[in-house]
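One structure below.
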Amino acid sequence: MSKRTKITAIIIVVAAAAIIAAGATLAYFTADGGTKTNTFTTGEVKVELSEPSWKPENGSKYGPGDIIPKDPQVTNTDKTDAWVAIRVKYSLHSGFLSYENFKNKLLANNGLDFQLGDQPNQWTKIAEVNENGQLYMYNTKLSQGQKTEQPLFNNVPIGFNNIELIDGQLPTFAIDVQGFGVQAENITPEKAQEELINLAFN
């Protein structure tokens with residue numbers, strides 16, 4: 001077995017998607033109107049993606065100046081330590097675009113309040129591939145039952161004067177959040193970044 005094959009053999013990926021979408025007359029965060037949390041397992045790793053601040057009673061419509069709760073976090077629910085990352089993709093009218101374009105067309109000037117930094121409870125952007133999204137890695141590996149202390153971001157601030165209308169109406173938009181995990185045993189943070197990027201974009 002080659003070195004590459006051995007490395008690949010211990011890489012475990014788990015994915016969970018939580019999509020936020022909104023339209024001029026009807027908005028939805030998932031098909032059932034609330035945060036959807038799915039758990040996928042492979043081998044020895046089990047990771048759960050959640051958005052605890054979103055409540056269905058918050059409403060399903062949006063308007064200029066609104067701040068929509070959305071706070072993606074990852075929990076390791078199995079016994080294997082894991083490095084985790086979240087990929088975020090953005091779309092208007094079902095067409096994916098880069099974060100900068102998405103922000104300029106819809107969001108308030110400061111955009112999403114990403115919790116970035118070099119502290120253990122913060123996130124690091126490790127890749128950005130235009131309309132294919134951005135990938136953020138949590139700075140600390142997660143043990144069993146451990147959750148990312150900080151969500152990747154806390155809310156979606158809608159712009160007021162800079163929204164690009166479509167036929168005079170507010171656009172339908174989506175933020176697709178997907179989680180990835182890599183087994184942490186015998187893998188450095190640098191190697192974990194490389195493997196997470198491969199998993200997210202290949």
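Check residue 148 against each of (1) of a type in the set (S, T, N, Q); (2) under 17 Å from residue 62 (Cα atoms); (3) crowded, with 20+ Cβ neighbours inside 10 Å and name the one condition it does not meet.
All conditions are met except number (2).
Does residue 196 satisfy being hydrophobic (A, V, I, L, M, F, W, C), closer than 19 Å to residue 75 by Cβ and under 16 Å from the mean Cα position of the chain (by Cα)?
So residue 196 passes the test.
Which one of these does residue 189 not meet: (1) in contact (Cβ under 8 Å) with a residue 12 or more places away in the chain; (2) on the phi > 0 side of the Ramachandran plot?
With respect to (1) in contact (Cβ under 8 Å) with a residue 12 or more places away in the chain; (2) on the phi > 0 side of the Ramachandran plot, residue 189 is out only on (2).
Out of everything in region 73-115 that is among the hydrophobic types (A, V, I, L, M, F, W, C), closer than 14 Å to residue 134 by Cβ and touching a Leu at 6+ places or on another chain (Cβ under 9 Å), what residue ends up being surrounded by the fewest Cβ atoms within 10 Å (Cβ to Cβ)?
114
Of all residues being touching a residue at least 24 places away in the same chain (Cβ under 8 Å) and not in a loop (DSSP other than H, G, I, E, B) in region 102-123, which is farthest from residue 170 (Cα to Cα)? Just the residue, please.
Result: 123.
Quick one: which of 74, 88 is touching a helix residue (DSSP H, G or I) at 6+ places or on another chain (Cβ under 9 Å), among the aliphatic types (A, V, I, L, M) and at pLDDT 90 or above?
Of the residues listed, the single one that is touching a helix residue (DSSP H, G or I) at 6+ places or on another chain (Cβ under 9 Å), among the aliphatic types (A, V, I, L, M) and at pLDDT 90 or above is 88.
The values are calculated or read from the model by the stated rules, or taken from the named source; none is laboratory data. Since we're looking at a predicted model, the values are computed, not measured. Cβ sites come from the backbone with ideal geometry, for glycine too, and all protein chains shown count toward neighbours.
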